[in-house]
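Okay, structure first, notes after.
Each reported figure results from applying straightforward, stated rules to the coordinates on display, with no laboratory input. Please read these numbers as outputs of a predicted model, since none were measured by experiment. All Cβ positions, even for glycine, are placed from backbone atoms using ideal geometry, and neighbour counts span all protein chains on display.
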Amino acid sequence: MKKILGCLLVLIVAVAGGTYWLGTRDDASTGPAAAPADPQQRIERGRYLALAGNCMACHTARGGQAYAGGTPIPTPFGTLYGPNITPDEKTGIGTWSADDFWQALHNGKSRDGTLLYPAFPYTEYTRVSRADADALFAYLRTMTPVSQPSRPPELDFPYDERVLLAAWRALYFKPGVQEPDPGQSAQWNRGRYLVEGLGHCAACHAPRNSLGATRPADGLTGGIIPGLDWYAPPLTNDPRTGLGRWSAQDIADLLQTGIAAHSSASGPMAEVVLGSTQHLTGEDALAMGVYLKSLPDTPASTRRPAAAVSPAAMDLGGKIYRQQCVQCHQAAGEGSPGAWPALAGNPTVTAPSPVNAIRMVLDGGFAPATAANPRPHGMPPFGQLLNDNDVAMLVSYIRNSWGNEAGGVTALEVKRARAASTRN
C-alpha cells in the first residue's frame, strides 16, 4: 500500500512539474533583437503599431495621461487594470530593455519573470515579429514619464493565485511568431498578421470557455465581451450572421470610417475604430478585409437555433418600426447610405445574440467620429419611450424582416440588457 501511495505521489509531483514547465517555458527561437534601423523611422513605425494594436485603450485611463495605466479591465474573475508603460523608472518600464519588452509580448512574462494575466493579450501578441516589438518599445520610450504606480488586480479566489497561471498557460498558450504562409499572397499574410496578432481580434470576436480561454478551432465565430455585455459578431463568411454579404473593401471601409454599406460601428467596436483602426493605412485595412473574407462559414454545429416569432409580435413590431424608425432606416430596412445603416443583412441585427440591437434601441448612439466621417449621424435613445415588451417586439421585427432570419426577442432579454446598460 505504501508503495502504491509513493508511486501516486511521485506521479502527482511529475505531472505538476511537467505542467509548470509547460506553462512557464519560453520560446527563444526568434533570436536576438532586430538589426538597428534608422531611429526616427523605428519610432514612427512604433507609433503606427501602437495605434494598430490599440494600446491606449488599456494603458490610458479616461482623463489620464498617455500610457500611464489605470484603465479597468472587467472579467468574469474580477477586475484587472492596465499598467503604467511610460518610461518612468520607478512605476513604469523605464528600466526595461528591448529584451524585457519582447519577453512580455512574446512569452507573457514581466521583466522579473512574473507570469502575466492573459487580459493582456499576449496569446495574440506572441505572433508579433521581433522587429515590430522593438519598434513599439522605441516609441514608448519617447513618451513622457509619468510617476503613477500600476494598480494591482482585484481578482476573486483562486484566480488571484498567480502561480495557477502556469496550468492555464500549459493548456491554452504556446508562444511563437507567426510565419508567413507561402501558399498565400503577401496581402493575405499581412491581413492575417494584423487580425491574429497585433489587432488581437480574437480577444472580442472569439467565444471563451469557462476559464476565459479561446480555442483556435472555434475561430472568430463571435462571443459576448466579458464584463461589457456587448456581443462581438462573427467575422466568418456566414451570410446570415457574419460577413458573407460583405466585400473586403466593405470591411476596410468600416475599419477606417466607422460606417459601411451593411453596418456601422457601435459600442466597443466604435471605440476601437476611434482609437485604432481609423489610423490604419488603406493597404493594411484592405489586407485585413482580404484575410477575413478567406475565413470559412460558421460551422453548423456552433449555430444557435433561432427562436420562433409569432405573427402578433411581427405585427406589433412592424407598427412600432413604422412609427419610430422608418424615417431613417427606410421601409425595406435599406437605410440611408452614409448616414443611417441598413438593417437588412446587418450583422449587428442578425447576430446570434440580440443584445447589441436591443442596447442600440434602448440607448441610441453614434458611429465614431473619424477623419473620413467627422460628423456621424446618430440614433436617439428609445429606452424611455418604449417599455420592455415594445422593444422586444421591435427588435424581433427587424431581426426577421427583409430577408433577416435571426429569431425572436423576449421582454426578459430586454430587461437584462437594460440592467446591463445601467451598470456600464
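Hey, what's the Cα Rg ratio for segment 186-243 versus the globular rule of thumb, 2.2 N^0.38 Å?
Ratio of Rg to 2.2 N^0.38 Å for segment 186-243: 1.15.
Using equal-weight Cα scatterers in the Debye expression, the normalised intensity of segment 337-379 in log10 at q = 0.15, 0.17, 0.25 Å⁻¹ is -0.42, -0.53, -0.97. Helix 311-324 against the longest principal axis of the chain: what's the angle in degrees, Cα atoms only, rounded to the nearest 10? Rounded to the nearest ten degrees, it is 90. Taking the chain as a Gaussian network of alpha-carbon nodes connected by springs under 10 Å, the highest mean-square fluctuation of the residues 221, 71, 144 belongs to 144. Computed over the chain with a Gaussian network model linking Cα atoms closer than 10 Å, the most mobile of 255, 198, 115 is 115.
For residue 230, the residues 5 or more places off, or on other chains, whose built amide H falls under 5 Å of its own are 225.
Only aspartates and glutamates eight or more places from residue 415 in sequence, or on another chain, were considered; those with a Cα closer than 18 Å are 229, 363, 388, 390. Measuring max minus min along each principal axis, the C-alpha atoms of segment 26-147 give extents of 40, 30, 27 Å (largest first). Modelled spin labels at residue 314 and residue 330, positioned 7 Å past Cα toward Cβ, are 2.2 nm from each other. Where in segment 98-140 is the amide nitrogen less than 18 Å from a point lying 7 Å along the Cα-to-Cβ axis of residue 90? In segment 98-140, the label zone of residue 90 (backbone N under 18 Å from the point 7 Å along Cα→Cβ) covers no residue. Centre-to-centre, using Cα atoms only, segment 338-397 and segment 53-81 are separated by 27 Å.
Ellipsoid semi-axes for the chain, based on the Cα gyration tensor and the rule √(5λ), read 39, 27, 21 Å when sorted largest first.
Subtracting the Cα-Cα distance of residue 129 and residue 66 from 0.36 nm times their residue separation leaves 20.2 nm of extension gain. For the peptides 258-266, 46-54, 283-291, the ranking by packing is 258-266, 283-291, 46-54, with the highest mean count of neighbouring Cβ atoms within 10 Å listed first.
The packing ranking of peptides 164-171, 232-239, highest mean first, is 232-239, 164-171, where packing means the average number of other beta carbon atoms within 10 angstrom of each residue. Structural size metrics of segment 186-302, computed from C-alpha coordinates, are Rg and Dmax of 13.3, 38 Å. Taking the Cα centre of the chain as reference, the dipole from Cβ charges on Lys and Arg (+1) and Asp and Glu (-1) amounts to some 660 debye. A quarter of the convex hull surface defined by the alpha-carbon atoms of segment 311-423 gives 7.0 nm² as the mean projection.
Across 402, 340, 102, mean-square fluctuation computed from a Gaussian network of the chain (C-alpha pairs under 10 Å connected) peaks at 402.
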